[in-house]
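The values are calculated or read from the model by the stated rules, or taken from the named source; none is laboratory data. On a predicted model such as this, the values are computed, not experimentally measured, just so you know. As a convention, Cβ positions derive from the backbone with ideal geometry for all residues, glycine included, and neighbour counts pool all protein chains shown.
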Amino acid sequence: MSMLISPLPHFSADMEVTSYWLDSHNGKKLLGVKDNFLRMDEAFSHPGLDAVERIGIEPFTGGVPLFVPLSRVQLLSGLIERNKLEPEQLVICLEAEDVTDLEAANALAALRERGHRIAVTGMPDLFNTPALPMIDYIILSILSPTFASDYADAGRHLSRKTLIISDIPNMETFEGLRRDRSARFTGPFYNRPITRRNATLTPIKINALQLLNQINHEDFELEEIVRTIEQDPYLTVSLLRFLNSTASGLKNRVSSIRQAVTILGQNAVRQWAAIALSATLGEDRPSEITRLALVRARFAEDIAGAFELGTFRAPLFMAGLFSLLDVMLEKPLAEAIEEVAVTDQVRQALVEHTGPLWPVLEMVYAYEHGDWDKVSILMIRHHTDLDRISQAYLDALVWYRQLLKAIDSAGTAEDEI
């Protein structure tokens, strides 16, 4: 599948995910991603949307709407009408300059009639366009030189439209913007490395870190792990819920940590404990942080072979899982990593951006941010296969959603017992 595709989250002022943006690119067109040229077949099709339709929208969004960017030609060709996804699941997005005439307004009106919502990027001539009544969202980039005036105009004249502020670079900028409770926010701010802050850890996080420290030692004692987990009822319940999910591979339910350890063995316990404990560390952070850490872990593990690093699948999983530890613990990553006793190779990749694992993590970071030019360069540099990389990312999205469903099912079963 020659398609690069990544869902990018939109947040509320309370850091809840409200929707995702479908960022996609035809992988056959390796470089020059940002130019506006479209081949004829690209103008009348949407490979990214086709991939969503084929796989299902759930792995991409988890139930919230998906913003789908279209060109004017794609809008007028009736491309969306041919799509089989439910209209309320898709928000159709166009450049504001492409919808300023009556023909575009009529096309948008037809989409609204079907149940779609409409978004535009930018504000040129919006006040005078016949399409204005059709528009639900206006996306303004904070990097635009006219952002301040556009934002003010939107607040004065377009109060019934939802503003989405994009390209927010860091948490400091977000904190200044989130006073607008009705707006939505997007950009790399939510997972930027923390370099200064130091938070007070809760007892639950302290216990989770102690356990992660133990299991990450190469030859940890299973009996010691059992005792540590059983001393904390919260950790016990969390890990049992993961282990009793269908994703763990256990054929029968387990009622105790001791039983699970006996059945699974050291390596499986290490991975499942790391997943459960990482979720615990991130539970007071935005839900997107936990999702991103788990998707990174699975994605990094699955593309190890593409980088001829098949023997490093397990440490790559851990590297992806702990790549947001600074955000979870609110302390610099170099300090946070010391809390969990990772291997030197994992530490080098995460903190120093060096070592044998770094090329995989570099690809993971570029891919999830939709930096398709960099993804293309990395594929060329490391002689990796495009289809293999893109499929591994989609598989990671599917795996994460299946994991959530399995855990929810296991939790429901426990509540009924």
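Here are a few things to note about the model shown:
- Verdict on D153 being touching a strand residue (DSSP E or B) at 6+ places or on another chain (Cβ under 9 Å), surrounded by 13 or more Cβ atoms within 10 Å (Cβ to Cβ) and modelled with pLDDT of 85 or more: no
- Residue list for segment 336-351, filter: free of Cβ contacts under 8 Å to residues at least 40 places away in the same chain and either outside any helix (DSSP H, G or I) or more than 23 Å from the chain's Cα centre (by Cα) (or both): E338, D344, Q345, Q348
- Residues of segment 67-81 that are modelled with pLDDT of 90 or more, surrounded by 19 or more Cβ atoms within 10 Å (Cβ to Cβ) and among the aliphatic types (A, V, I, L, M): V68, L70, L75, I80.
- Scanning segment 310-335 for residues that are part of a helix (DSSP H, G or I) and polar (S, T, N, Q) turns up just one, T311.
- Residue in segment 369-385 that is more than 23 Å from M171 (Cβ to Cβ), part of a helix (DSSP H, G or I), under 20 Å from the mean Cα position of the chain (by Cα) and of a type in the set (A, V, I, L, M) present: yes
- Residue satisfying all of: in segment 117-141; part of a helix (DSSP H, G or I) and crowded, with 21+ Cβ neighbours inside 10 Å; modelled with the lowest pLDDT among these: L126
- Criterion: in contact with a Ser or Thr (Cβ under 6 Å, 6 or more places away or on another chain) and of a type in the set (A, V, I, L, M) - qualifying residue of V64, V99, V120, V73: V64
Here's the yes/no breakdown for (1) at pLDDT below 95; (2) crowded, with 17+ Cβ neighbours inside 10 Å; (3) in a helix (DSSP H, G or I); (4) in contact with a Pro (Cβ under 9 Å, 6 or more places away or on another chain):
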| residue | (1), (2), (3), (4) |
| --- | --- |
| S149 | yes, no, yes, no |
| L163 | no, yes, no, no |
| I168 | no, yes, no, yes |
| D180 | yes, no, no, no |
| F189 | yes, yes, yes, yes |
| R197 | yes, no, no, yes |
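- Pair list, Cβ under 7 Å, 6 or more apart: segment 79-104 residue in the same structural domain as N128 (by TED's automatic domain parsing), other residue basic (K, R) and buried (at least 18 other Cβ atoms within 10 Å of the Cβ): V91/R117
- A search for C-beta distances below 6 Å between a residue of segment 304-321 that is farther than 13 Å from T384 by Cα and any residue that is polar (S, T, N, Q) and modelled with pLDDT under 95, counting only pairs 6+ apart in sequence or on different chains, returns P315/T343; P315/Q345; L321/S278.
- Condition met for S182 (among the hydroxyl-bearing types (S, T, Y), under 23 Å from F11 (Cα atoms) and more than 23 Å from the chain's Cα centre (by Cα)): no
- Whether a residue is of a type in the set (S, T, Y) and either buried (at least 23 other Cβ atoms within 10 Å of the Cβ) or touching a helix residue (DSSP H, G or I) at 6+ places or on another chain (Cβ under 6 Å) (or both) was assessed, and T354 passes this test.
- Filter result for T311 (among the hydroxyl-bearing types (S, T, Y) and modelled with pLDDT of 90 or more): yes
- Q402 vs. criteria part of a helix (DSSP H, G or I) and at pLDDT 90 or above: no
- Filter result (within 10 Å of T100 (Cβ to Cβ) and within 24 Å of the chain's Cα centre (by Cα)) within segment 121-144: none
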